[in-house]
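Enquirer: One structure follows; several queries about it will come next.
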Amino acid sequence: MAVGKEIRTKVKSVQNTQKITRAMEMVAASKMRKAQERMAASRPYARKIRNVIKHLAHAHPEYKHTYLQDREVKRVGYIVVSSDRGLCGGLNANLFRACIGSLKEWDAKGVGIDLCAIGGKASGFFKRVGGNVVAEASHLGDAPAINDLIGTVKVMLDAFDNGEIDRLYVVYNEFVSTMAQDPQIEQLLPIQAETEDDYAHQWDYLYEPEAKEVLTDLLTRFVESLVYQAVVENIACEQSARMVAMKAASDNASDLIDELNLAYNKARQAAITQEISEIVSGAAAV
Amino acid sequence: MAMTMHVDVVSAEEEIFSGPAKMLFAPGVMGDLGILPRHAPLLTRIKPGEVRIVTPDDEEQFYYVSGGMLEIQPEAVTVLADTALRAKDIDEAAALEAKERAEKALADRSGEIDYATTEAELAEALAQLQAIQRLKKKLGR
């Protein structure tokens, strides 16, 4: 019977799409778990280094590092962390919207902006819309190494050292839960050290070799670790967003298949009914 | 019991060691350091080399670090290990590379962001997403 051939082909094609989205969902689920572990693994370093910086804020070093000093803002730098690939729902679009909103505020104040794009989507986005991108890193993969980021971060740190930018921000997605990711804009430089007043005595570290060198090293690593943390967290977000998006796509495909099957069965039933009634009326005529 | 201090060895990518120790040896840039509990606060860079930790039950643990930072407090020692070999010229080369990538990508576009168009584009993308959501809801009615 040649009834509803078009419907059958349509069902087949939707089924094929569903196979792909289901596979992507499962791949994203397993990658997400690994990405979350990586995110947790990189936390102790950031926590420890933050601790040391807190100690530094309490100690009263004879030398005040430029990374710790607020200055008048004439130009700002933004490190925008995005995913390399798409098909992850509104993850990148939401991030860019938050980012553009903040850039617009600076622009209104007449403050210049330098951008640093991490991830293929961010560089593609700024390529489309313009913006002064001074550094770029993409195709970091699922397990980025801090090496891949050192150069990119250094461009921004150098710009800060040379007074080309007076503030540095990082924009990334915070991993709230599998279902929720939150675009975040965090200030990297100058470093905002938390200060508590419960330290009664004042003390300072011994520095080897010299305070300036050691502090530069330490603060550079601190900024790098924050950017690394942002990248790793963004990957976890990407995978979970993709998992959710692909799950929705698979569900949609199931619904579509059900509806198409129903339409097909109805058409088949109608054809059979018609045939029988034709035979019956034919027999009655004889 | 002998005096101990808390030792943490962490790298940006993972936690390597965390626990009490009687003594710690580390290769500081100004010379090797042996640290006992109640050392004066000290902050130094360490060279690539071996960090040796003596645990309270007199076992020795070795970790190789490719440089990093060492922070000493009277009761706690933190080794912030680098995962990468760091040298000024290597960092410099990496920075140049990142800049070049950006310049290459930048070659064919202007430096100004057209906020109106950008927002319109983003709004469009989000509207598409919302439409998909609505469609999904309608299908699942």
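The values are calculated or read from the model by the stated rules, or taken from the named source; none is laboratory data. The shown structure was predicted, so the numbers you read here are calculated from the model rather than taken from an experiment. Note that we place each Cβ from the backbone using ideal geometry, even for glycine, and neighbour counts take in every protein chain shown.
Enquirer: What do you reckon, is A:Ala249 more than 28 Å from the chain's Cα centre (by Cα) and of a type in the set (A, V, I, L, M)?
Expert: In short, no.
Enquirer: Additional query: Given (1) surrounded by 15 or more Cβ atoms within 10 Å (Cβ to Cβ); (2) more than 15 Å from the chain's Cα centre (by Cα); (3) not charged (D, E, K, R), where does A:Phe125 come up short, assuming only one miss?
Expert: (2)
Enquirer: Then there is this: Being at pLDDT 80 or above and touching a helix residue (DSSP H, G or I) at 6+ places or on another chain (Cβ under 9 Å): is that true of B:Pro48 here?
Expert: No; evaluated as a whole, the condition is false for this residue.
Enquirer: While we're on this one: It is to be established whether one or more residues within segment A:4-16 are among the charged types (D, E, K, R), in a helix (DSSP H, G or I) and surrounded by 19 or more Cβ atoms within 10 Å (Cβ to Cβ).
Expert: no
Enquirer: Applying the selection to segment A:32-45, what residues are in a helix (DSSP H, G or I), buried (at least 17 other Cβ atoms within 10 Å of the Cβ), within 8 Å of chain B (Cβ to nearest Cβ) and among the small types (Gly, Ala, Ser)?
Expert: Those that are in a helix (DSSP H, G or I), buried (at least 17 other Cβ atoms within 10 Å of the Cβ), within 8 Å of chain B (Cβ to nearest Cβ) and among the small types (Gly, Ala, Ser): none in segment A:32-45.
Enquirer: Counting only residues that are touching a His at 6+ places or on another chain (Cβ under 9 Å) and buried (at least 17 other Cβ atoms within 10 Å of the Cβ), which one in segment B:1-23 is nearest to A:His55 (Cα to Cα)?
Expert: Here the answer is B:Met5.
Enquirer: Would you pick out the residues in segment A:79-101 that are in contact (Cβ under 8 Å) with a residue 40 or more places away in the chain, in a helix (DSSP H, G or I) and not charged (D, E, K, R)?
Expert: A:Leu91, A:Asn94, A:Leu95, A:Ala98, A:Cys99
Enquirer: Turning to a different aspect of this structure: Quick test of your reading of the structure: A:Ile272 fulfils all but one of (1) in contact with a Lys or Arg (Cβ under 7 Å, 6 or more places away or on another chain); (2) within 24 Å of A:Val11 (Cα to Cα); (3) of a type in the set (A, V, I, L, M, F, W, C). Name the failing condition by number.
Expert: Of the numbered conditions (1) in contact with a Lys or Arg (Cβ under 7 Å, 6 or more places away or on another chain); (2) within 24 Å of A:Val11 (Cα to Cα); (3) of a type in the set (A, V, I, L, M, F, W, C), the odd one out for A:Ile272 is (1).
Enquirer: Also, quick follow-up: If a residue counts only when it is away from every other protein chain (no Cβ under 12 Å), which strands (runs of 3 or more DSSP E) contained entirely in segment A:102-188 have at least 2 such residues?
Expert: Per the criteria, A:167-175.
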